[in-house]
Amino acid sequence: MRGPVLLAVAMTVAAALAGCGGTHATPISASRAAATTSRGATPSSTTDHAAGFRSPRTHPTVAPPARLRIPAIGVDTPLLRLGLDATGAVEPPKPWMKAGWFTGSARPGQAGPAVILGHVDSKTGPAVFYRLASLRPGDTVQVTRTDGTRITFRVSGRQQVAKSQFPTDLVYGPSLEPSLRLVTCGGSFDKRAGHYRDNIIVSAVPA
């Protein structure tokens with residue numbers, strides 16, 4: 001894409017997902033908590049009802065993703081590892097013909113959404129996710145992991161959203177079931193800002 005993938009992910013939200021893996025809410029700051037206490041507010045309970053609780057549910061541990069194949073649109077790319085930039089947003093892949101996996105998201109096949117990003121085009125031509133918007137429900141997406149194992153997903157949905165209304169909860173929110181999110185730019189191009197106005201988000205579930 002002519003500009004970076006702009007994902008509306010605040011630092012507090014991205015940090016919570018990457019570091020805690022369980023909460024998507026922005027925590028109350030220490031100053032706000034202190035102000036509440038100074039006004040005489042009394043906690044409803046001092047009992048930790050979760051103390052000693054152990055969930056019977058277990059989740060498999062899988063190797064990180066190494067390669068992505070989407071036969072319907074001719075994608076066959078190694079997967080880079082993406083972190084956060086200085087502003088707290090997910091950094092886009094630098095090579096425009098390679099996609100990247102956000103390391104703060106789930107590994108493909110583990111509980112939760114695995115998020116993979118790629119450019120739609122560049123100043124010289126189409127990029128790795130140029131045809132992402134043409135995927136249809138039922139199309140297959142194959143991920144090969146670093147240990148050689150593979151998992152196949154099937155496209156379950158596709159949407160185009162304004163970057164100003166990016167559905168952070170949908171893309172990054174924790175869940176108990178494995179899923180895949182493929183993200184690129186789309187819509188009209190804002191020449192003044194130097195980037196596309198929308199994002200294309202393709203969702204997929206294990207086949």
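A few remarks follow.
- Enumeration of residues in region 169-188 that are over 15 Å from residue 200 (Cβ atoms) and either buried (at least 16 other Cβ atoms within 10 Å of the Cβ) or in contact with a His (Cβ under 7 Å, 6 or more places away or on another chain) (or both): 169, 172, 173, 174, 178, 179
- Out of 127, 106, 204, 193, sole residue that is among the hydrophobic types (A, V, I, L, M, F, W, C), at pLDDT 95 or above and more than 30 Å from residue 60 (Cβ to Cβ): 127
- Strands (runs of 3 or more DSSP E) contained entirely in region 83-162, each with at least 2 residues that are under 14 Å from the mean Cα position of the chain (by Cα) and surrounded by 20 or more Cβ atoms within 10 Å (Cβ to Cβ): 99-102, 112-117
- Enumeration of residues in region 100-142 that are over 22 Å from residue 71 (Cβ atoms), polar (S, T, N, Q) and in contact (Cβ under 8 Å) with a residue 60 or more places away in the chain: 103, 105, 110, 122
- When residue 9 is tested against the conditions (1) surrounded by 15 or more Cβ atoms within 10 Å (Cβ to Cβ); (2) within 30 Å of residue 149 (Cα to Cα); (3) modelled with pLDDT under 60, the lone failure is (2).
- The condition of being in contact with an Asp or Glu (Cβ under 7 Å, 6 or more places away or on another chain), aliphatic (A, V, I, L, M) and under 19 Å from residue 206 (Cβ atoms) holds for residue 111.
The values are calculated or read from the model by the stated rules, or taken from the named source; none is laboratory data. If you're wondering where the values come from, they're calculated on a predicted model, not measured in any experiment. Don't worry about glycine lacking a Cβ; one is built from the backbone with ideal geometry, like all the others, and counts go over all protein chains shown.
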